[in-house]
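Okay, so here's the structure we're looking at.
The values are calculated or read from the model by the stated rules, or taken from the named source; none is laboratory data. Note that the structure is predicted; figures quoted are calculated from it, not measured. Heads up, the Cβs are rebuilt from the backbone with ideal geometry, glycines too, and the neighbour counts pull from every protein chain shown.
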Amino acid sequence: MPKKFLIIRFSSIGDIIQCMTVVDGILNHYPDAEIHWIARKDMSSFLAMDQRIHKVWGFDRKKGFKGLLAQAKQLKAEKFDFVYDAHSNIRSIVLKTVLVPRWKRWFGIGPKFTMRSKDRIKRILLFKFGIDRFPMPFKGMRSFRKPLEKWEIQDYSKVNTNWFFPEELKNKMDANVFSNLKGDKSKLVTLVPSAAWIMKRWPVSHWQKLVSLLPDYNFMILAGPDDVFCSEIEKEAPEKILNLAGKTNLLESCYLTQKSNLVISGDTGFLHAADKFNVKALSLMGPTAFGFTTGDQIKTLEVDMKCRPCSKDGSGKCKMKIYQQCMIDITPEWLAKEVKSAMK
């Protein structure tokens, strides 16, 4: 009988994409494995990109604790052989308690279980006292793989390259995006100016300057509907910028990332999508500790400052007199030079 796996990772985009690497390891070790995944309903759509995942269970937050318990009972009926808690939050603990009760783990019965630790003590030492006990740079994909070593899953040599996107999505992007590109597609650079927290965003003025320094290139902006500042970047050169802020959903943005020549981004989910898709990218790393990529096709731009990293995700306050100096000091001139080199 094929082994059945459950991966628990509810959110966020970047973490789910980085966690998807474990599917490669599981299938390299158990080629016939049946893999299930539970994610937040609004985050689950792009897990369908990897059709090796047998079933994606969408958790609806609106249903609350009762809904989670009901879903836990449904999952228990699946009789999984392996359960991987890749989230380690209150919801995943509820699922773990139902699927793999502690007493069963004590006696070694029921599903095999492993969990990705959040290393909370190490985080307190780093962000409160500046004492670094993490392997730096901290690469998220590797941290998601490590707990599977408990099951002797360590081979990641064969990875998925056959990403699935619905034909209607491809047709929509061909009609609404690729046919409207402003310039030569071979000179197209994808910009991801936004991020969940302002502190890890590259300044708008820097994006504007970058565009002006690259007159021979054209650009596509990927961002959400609330990222109205993207219009300020577009105004710098509207004749060569296609601003898609708020015009594409998560799956569509992933598809456009996969089709990109070069992605420029801070610590965002789409940077990690480029990493997963083996797409060239320039990573702009500032305050965050855990957003470093793994692939050789991605180059990280960062400045050496004693206060870095100061945040797990870009939240919190900047300690420097010049706000966001770690991002400001990644200059547009520096980045323009890297773009020209990467696009040769």
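Hey, any hits in segment 25-37 for a residue that's more than 18 Å from Leu251 (Cβ to Cβ) and among the aromatic types (Phe, Trp, Tyr)?
Start the filter on segment 25-37 by keeping residues that are more than 18 Å from Leu251 (Cβ to Cβ), which leaves 25-36.
Checking the rest, the ones that are also among the aromatic types (Phe, Trp, Tyr) come to 30.
Checked against the condition, which is being more than 18 Å from Leu251 (Cβ to Cβ) and among the aromatic types (Phe, Trp, Tyr), segment 25-37 yields at least one hit.
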Look at Leu69 and say whether it is in contact with a strand residue (DSSP E or B) (Cβ under 6 Å, 6 or more places away or on another chain) and in a helix (DSSP H, G or I). no
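Look through Met141, Met136 and report the one residue that is within 20 Å of the chain's Cα centre (by Cα) and assigned to a helix (DSSP H, G or I).
Selected residue: Met141, the only one of Met141, Met136 that is within 20 Å of the chain's Cα centre (by Cα) and assigned to a helix (DSSP H, G or I).
Search segment 71-92 for residues being under 20 Å from Lys4 (Cα atoms) and either at pLDDT below 95 or among the hydroxyl-bearing types (Ser, Thr, Tyr) (or both), and hand back the single one that is surrounded by the fewest Cβ atoms within 10 Å (Cβ to Cβ).
We begin by selecting, within segment 71-92, every residue under 20 Å from Lys4 (Cα atoms); these are 71-87, 92.
Within this subset, residues satisfying the condition of being either at pLDDT below 95 or among the hydroxyl-bearing types (Ser, Thr, Tyr) (or both) are 84, 92.
Numbers: Tyr84: 29, Ser92: 21.
For segment 71-92, the residue satisfying everything is Ser92.
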Identify the single condition in (1) free of Cβ contacts under 8 Å to residues at least 24 places away in the same chain; (2) part of a loop (DSSP other than H, G, I, E, B) that Ile93 does not satisfy, given that it satisfies every other one. (2)
Any hit, segment 54-74, residues being closer than 26 Å to Gly140 by Cα and of a type in the set (A, V, I, L, M): yes
Taking the criterion of being outside any loop (DSSP other than H, G, I, E, B) and free of Cβ contacts under 8 Å to residues at least 12 places away in the same chain, would at least one residue in segment 75-85 satisfy it? no
Scan (1) at pLDDT below 95; (2) in contact with a Phe, Trp or Tyr (Cβ under 8 Å, 6 or more places away or on another chain); (3) β-branched (Val, Ile, Thr) for the single condition Ile198 breaks and write down its number. (2)
Residues of segment 178-197 being surrounded by 15 or more Cβ atoms within 10 Å (Cβ to Cβ) and out of contact with any strand residue (DSSP E or B) (no Cβ under 7 Å at 6 or more places or on another chain), in sequence order, are Phe178, Ser194, Ala195, Ala196, Trp197
Among residues belonging to segment 38-70 that are out of contact with any Gly (no Cβ under 9 Å at 6 or more places or on another chain) and among the β-branched types (Val, Ile, Thr), point out the one that is surrounded by the most Cβ atoms within 10 Å (Cβ to Cβ). Val56
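Say whether the condition of being part of a helix (DSSP H, G or I) and assigned by TED's automatic domain parsing to the domain that holds Thr331 is met by at least one residue in segment 214-227.
No, there is no match, as no residue in segment 214-227 is part of a helix (DSSP H, G or I) and assigned by TED's automatic domain parsing to the domain that holds Thr331.
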Subset of segment 1-23 (residues that are buried (at least 20 other Cβ atoms within 10 Å of the Cβ) and out of contact with any strand residue (DSSP E or B) (no Cβ under 8 Å at 6 or more places or on another chain)): Gly14, Asp15, Ile17, Gln18, Met20, Thr21
